[in-house]
Amino acid sequence: MGGLAEGRRVSSTVSTQPPVSVAGSAAGAAPRRRTRPGGPRRNLAAAAFLLPAAALVAVVLLVPFGATVYRSLLTDDLQPVFGGLSAYAKLLDDPALSLSLLNTLLWMAGTLLLPVGFGLAVAVMTNAQKWGRIARLAVVLPYAISGSAVAVIWGYMLRSDGAVNQMLANLGLESWAHDWLLEDPLNTFGMIMANTWQATGVAVILFLVGLQTIPPETVEAAAIDGADGWVRFRHIVLPQLRPVTYVVVGISLANALRTFDVIWVMTQGGPARTSETLALSMYRESFLLQRPGVGSAIAVVLTLIVLASSWLYLRGQGKAAR
Amino acid sequence: MKGAVMKKGKQPRSVGRVARDVTVIGMALLWLVPTWLLVVNALTSVETYTGSPRWVPDGFGFFDNLVAAWDAGDFGQATANSLGYAFVCAAAAVLVAAGAAFAVAVMPVRRPALWFWLIYTGTLLPLQVFVRPLFSASAELDLYDSWTGLAIVYTAICVPFAFFVIRNYLATVPREITEAALLDGASWWRVFYSVHLPLAKPAMAAAFIFQFVWVWNELLFGISLTFSPTARPIMAALADLSSGYSRVPPPVVLAAALAVSVPTVALFFAFQRLFVSSMRTNI
């Protein structure tokens, strides 16, 4: 869930570095169970440790998840009845929701292009520089700011009398000025930029970690063979960054899809619902328009897209869990 | 940085290096522009503010702006609420998660993978999928618009990731330690309390900080489950203040945005190494 703002979301895919190697532990789990089968008393003790967390997650998260899936199959009449997939069909019928779907796709494309691309560029270009740390700090800093505060800052820049139009006027480019937050699709592009400003830091950190796992010998060998900087990057470094890239893309996409605070504070999805994404449409339909069936259907569709994106990095975690 | 991958070019001042340095400096400066604007305009006093953004500081009106924001948005109460949410929910979640992590990683429970996914799934689903049922349930249980209601929800949301971090950490503790303690006649509770809890301190601290920051920054549940100042968290107060942009001059809103960012930015810089090292195991 992006930035420190969405700190948990980012962090949801990471973990502290253990003092001992992970590999040993995974192997250790199975034999232990065989040598020490759980007796009734031991099961009771285990239940006491497990129950608070499991119950909390089950009651507050998993049951509501089930309720949302169920609600998405009911209609939004005064007396809700089973409506099959009719609420889902609204996603395609209702022009506001189709636009929301389109905006969500724009957010996904923009996220793949900008935070991931900039993150890779900044990580690679600053990795070997002495003053790279300082430059990197400038890019990583917004990651520590909440989405709501990011939205306030960018709203201030993109308002019709904001800093961007002021800058354009000072450069003699009045004709380039726009009502950035009022025109569709400029408002969505503007918020993708705001999200890029915040989310690039995570990608930089992850790519740096990835770069440091590359054995320097492989790069040095290529240098001795006379490969110049770009060739070394393209043919030696980039292929070795592939596993990290999956993780960065997965995290960035999942975060972008869930973004609520940036959009809510900057435009509330407006004007006239033109800058909504699914993350926001769910809120508007459920709470403001009192159509919980449609709202639930949107939440379920959003969940499916988020899970598909998360699968990119979950493959690694699945192995760790076994 | 260690392990310099892109070795510096053979010839000292190649065109490529210059282009790279210029790009890096350009990007860093570009990235600093919004931060710069935030700070300069949050410091500008309302009296001297002309209506268009300032690029150079002029006077020092930050504290006046902050007082104005505090009055307009009831930030005093919201700050107290959110400090409470962040401390209590993060701490409660870490403790509850540590118990579950101990059971799954150390105790011989049956089907540890099932328990792992049962708890961990909570962090994969987008929050939007929980909101509406939790809203209805809290209304029925008389927990809507109460500090307790929102705190329970925040705690539950924080459990899965804290569990993930601590479980990964505990899974690396050598089994012999546990066995030795059990042979000495220690109960499971004793093993947890005297052996694994102290060992897991670094992971628990990391999880606590992540969750603290997350709760502090949360908006969606804050606006969905509360409306009165007694329960409203700080980001909801900021969002309310910001949507009243016309009534409150920009320097006041920006001062509030700057102030609410201070705790998380401070935590980030204080624990920078932790944030970076915590991203390692997965790659």
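The values are calculated or read from the model by the stated rules, or taken from the named source; none is laboratory data. These numbers come from a predicted model, not from an experiment. Because the Cβ atoms are built from the backbone with ideal geometry, glycine has one as well, and the counts that use them run over all protein chains shown.
Checked against (1) buried (at least 18 other Cβ atoms within 10 Å of the Cβ); (2) within 30 Å of B:Leu114 (Cβ to Cβ), A:Ala121 passes all but a single condition, namely (2).
Do we have A:Glu285 as outside any helix (DSSP H, G or I) and surrounded by 24 or more Cβ atoms within 10 Å (Cβ to Cβ) here? Here the answer is no, as A:Glu285 does not meet what is asked.
The selection criterion, being more than 30 Å from B:Pro251 (Cβ to Cβ), buried (at least 20 other Cβ atoms within 10 Å of the Cβ), modelled with pLDDT under 90 and not aliphatic (A, V, I, L, M), does not hold for A:Thr104.
Applying the set (1) hydrophobic (A, V, I, L, M, F, W, C); (2) in contact with a Phe, Trp or Tyr (Cβ under 9 Å, 6 or more places away or on another chain); (3) within 14 Å of chain A (Cβ to nearest Cβ) to B:Leu118 leaves exactly one unmet item: (2). Taking the criterion of being out of contact with any Lys or Arg (no Cβ under 7 Å at 6 or more places or on another chain) and within 7 Å of another protein chain (Cβ to nearest Cβ), the residues of segment A:102-128 that qualify are A:Val124, A:Asn127. From the list B:Val67, B:Val88, B:Val109, B:Val94, the one residue that fits, being of a type outside the set (Lys, Arg), more than 7 Å from chain A (Cβ to nearest Cβ) and within 30 Å of B:Ala181 (Cα to Cα), is B:Val94. Identify, please: which residue in segment B:39-52 is under 13 Å from B:Val252 (Cα atoms) and at pLDDT below 85 and is, among those, nearest to the chain's Cα centre (by Cα)? Among them, the one singled out is B:Val46.
Condition check ((1) free of Cβ contacts under 8 Å to residues at least 12 places away in the same chain; (2) under 20 Å from B:Leu37 (Cα atoms)) across all residues:
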| residue | (1), (2) |
| --- | --- |
| B:Leu238 | no, yes |
| B:Ser243 | yes, yes |
| B:Pro251 | no, yes |
| B:Pro263 | no, yes |
| B:Leu267 | no, no |
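Scanning segment A:115-131 for residues that are at pLDDT below 90 and closer than 14 Å to B:Trp31 by Cβ gives A:Met125, A:Thr126.
Is it the case that A:Gly210 is under 15 Å from B:Val131 (Cα atoms), buried (at least 17 other Cβ atoms within 10 Å of the Cβ) and within 9 Å of chain B (Cβ to nearest Cβ)? Against the criterion (under 15 Å from B:Val131 (Cα atoms), buried (at least 17 other Cβ atoms within 10 Å of the Cβ) and within 9 Å of chain B (Cβ to nearest Cβ)), A:Gly210 does not qualify.
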